[in-house]
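The values are calculated or read from the model by the stated rules, or taken from the named source; none is laboratory data. All figures in this text were calculated on a predicted structure; none of them were measured in a lab. Here the Cβ positions follow ideal geometry from the backbone for every residue, glycine too, while neighbour counts run over all protein chains shown. Side chains are part of the model used for accessible areas, which takes the heavy atoms of the whole protein and leaves out ligands, DNA and RNA. Shrake-Rupley method; radii C 1.70, N 1.55, O 1.52, S 1.80 Å.
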Amino acid sequence: MNIHEYQGKEILKKYGVRVQEGITADTVEEAVAAAEKLTADTGTSWYVIKAQIHAGGRGKGGGVKLAKNLDQVKEVAGNILGMQLITKQTGPEGRKVHKILVAQDVYYPGETPTKEFYISVLLDRTSGKNVIIYTTEGGMDIEEVAESHPEKILKEFIDPAVGLQGFQARKIAFGLGLTGEANKEMVKFVTALYKAYDETDSSMFEINPVLKTSDNKILAVDAKVTLDENALYRHKDFVALRDLNEEDPLEVEASASNLNYVKLDGNVGCMVNGAGLAMATMDIIKLSGGEPANFLDVGGGANAQTVEAGFRIILKDPNVKAILINIFGGIVRCDRVANGVVEAYKKIGDIRVPIIVRLQGTNAEEGARIIDESGLKVKSATLLKDAAARVKEVLAEA
Ligand code: GDP
Ligand code: MN
């Protein structure tokens, strides 16, 4: 589960990580009030206005802008709020900005030059360890650095049972070329960052840039945080951090009905019980010349309600030209699924695409009979290869 920059920074602060301070706003008036409060709290006279969307690359897309007084705050906030922000990670349609973060400007001049670093903590599945990835080439696109200067990307592996050791935090601070006060600050920063990642059961904390200020403080200017959904039961307060505006509406609807649905780009919708069978079904669709429009696993206990919910979600996708339902009757009986399909079909009405139902397992023949005798535009198949041939037929007719 992804969260916003401002939410990530709140978590970081709780763990003692120094961050660029900011206050969120949903309107221009709130933005001006936020800027005034920020000056009272931090003494800052310049501000950075930052679009809060779940995608990186906001700076380059025009979603991060400096404002040097309250008039500029008004102007910039007005421009960013409501804009359709397009970045490398949003796709060509972009994302609408509903919220901004009014942040203190932390790039003020001083005794030493400012410097941007990149630091992330994530799980390395190959080694079964956590890894801190860091480089002096911060602020820019990390993929570009990996491409042009792979030797500049450094890694420190951490045994999750032992945790981050003091020598490792010091190695990172020295690896980033820091000495004196900035080095000490970086050791504290990395230690607190790892603690935040570890204790929140997160799958990623990516801070780009980590800034060394002109007075040698180390702070997080940005925060890209992915929480592990499977650990949400241990962090009930994180559930409120979910922003449904940032998720695919069909996926939100599916998760409300407890369906595992992932939208894809193809033309054949599919509804299957079991993730493995769903993968095999997607292969079959491809082999018969179609492209899967989605992944949908209705789970082991498919009944009339789940079939109906699945149907409705698939039918909302305008690209769908045919639907393949592939159910193995193990726990659930095929005749029950067939009745569920017929019931859902009649209830939804006006279904304009052909449906192929393949039922195998307990009471398969009875299930096929129910489908064939329903008088609806539904074709049954018992063998997977017949189902594939049917998909081919209906695509040719479409
Ligand atoms: P991203 O583009 O989505 O990764 O958003 P970031 O939060 O990383 O901001 C983009 C860029 O804005 C950063 O790399 C900085 O160069 C710049 N920026 C962020 N905060 C400040 C600030 O306080 N002052 C100035 N002058 N620039 C900033
Ligand atoms: Mn960034």
Q.
Quick check on my filter: what residues within the stretch 320-359 are surrounded by fewer than 21 Cβ atoms within 10 Å (Cβ to Cβ), under 33 Å from the mean Cα position of the chain (by Cα) and aliphatic (A, V, I, L, M)?
A. VAL320, ILE331, ALA344, ILE348, ILE351, VAL353
Q. Can you spot a residue in the stretch 32-50 that is in the same structural domain as ASP201 (by TED's automatic domain parsing) and without any contact (Cβ under 8 Å) to a residue 12 or more places away in the chain?
A. no
Q) Tell me, which residue of the stretch 133-150 that is acidic (Asp, Glu) and open to solvent by 40 Å² or more (accessible area, probe 1.4 Å) is nearest to SER203 (Cα to Cα)? A) GLU143
(Q) Among the residues of the stretch 6-14, are any open to solvent by less than 80 Å² (accessible area, probe 1.4 Å), within 22 Å of ASN208 (Cβ to Cβ) and either in a loop (DSSP other than H, G, I, E, B) or at pLDDT below 95 (or both)? (A) no
(Q) For the stretch 359-374, check the following and say yes or no: at least one residue is in contact (Cβ under 8 Å) with a residue 40 or more places away in the chain, small (Gly, Ala, Ser) and assigned to a strand (DSSP E or B). (A) no
Q: Keeping to the stretch 21-36, report how many residues are in contact with a helix residue (DSSP H, G or I) (Cβ under 7 Å, 6 or more places away or on another chain) and hydroxyl-bearing (Ser, Thr, Tyr).
A: 1
Q. Which residue, of ALA55, ALA51, ALA25, is of a type outside the set (Phe, Trp, Tyr), away from ligand 2 (no atom under 16 Å from the Cβ) and either modelled with pLDDT of 95 or more or surrounded by 18 or more Cβ atoms within 10 Å (Cβ to Cβ) (or both)?
A. ALA25
Q. If you check GLU156 against the conditions, is it part of a helix (DSSP H, G or I) and either under 29 Å from GLU199 (Cβ atoms) or away from ligand 1 (no atom under 12 Å from the Cβ) (or both)?
A. no
Q: Return the pairs, sorted by first residue and then second, in which the second residue is open to solvent by 70 Å² or more (accessible area, probe 1.4 Å) and at pLDDT 95 or above, the first residue lies in the stretch 68-83 and is under 15 Å from LEU101 (Cβ atoms), the beta carbons are less than 7 Å apart, and the residues are 6+ apart or on different chains.
A: VAL76/LYS65; ILE80/LYS65
Q. Right, ILE49: within 13 Å of ligand 1 (Cβ to nearest atom) and under 21 Å from LEU244 (Cβ atoms) or not?
A. no
**Q.** Residues satisfying the stated conditions in the stretch 241-266, i.e. in a loop (DSSP other than H, G, I, E, B), open to solvent by 60 Å² or more (accessible area, probe 1.4 Å) and either within 16 Å of ligand 1 (Cβ to nearest atom) or touching a residue at least 60 places away in the same chain (Cβ under 8 Å) (or both)
**A.** ARG242
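Mind listing whichever residues of the stretch 27-63 are assigned to a loop (DSSP other than H, G, I, E, B) and charged (D, E, K, R)?
ARG58, LYS60
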Q) Would the stretch 169-189 turn up any residue that is assigned by TED's automatic domain parsing to the domain that holds PRO209, open to solvent by 60 Å² or more (accessible area, probe 1.4 Å) and within 16 Å of ligand 1 (Cβ to nearest atom)? A) no
Q | Count of the stretch 174-223 residues which are touching a Pro at 6+ places or on another chain (Cβ under 8 Å) and of a type outside the set (Ser, Thr, Tyr) | A | 3
Q.
Regarding the stretch 206-225, can at least one residue be identified that is over 17 Å from VAL19 (Cα atoms) and either free of Cβ contacts under 8 Å to residues at least 24 places away in the same chain or more than 16 Å from ligand 2 (Cβ to nearest atom) (or both)?
A. no
Q: Those residues that are of a type outside the set (Val, Ile, Thr), within 14 Å of ligand 2 (Cβ to nearest atom) and modelled with pLDDT of 95 or more, I need them from the stretch 86-110; list them, please.
A: LEU101, ALA103, TYR107
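How many residues does the stretch 211-240 contain that are part of a helix (DSSP H, G or I) and buried (at least 16 other Cβ atoms within 10 Å of the Cβ)?
Number of matching residues: 2.
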(Q) Which numbered condition in (1) touching a residue at least 60 places away in the same chain (Cβ under 8 Å); (2) aliphatic (A, V, I, L, M); (3) surrounded by fewer than 18 Cβ atoms within 10 Å (Cβ to Cβ) is the only one that LEU315 fails? (A) (1)
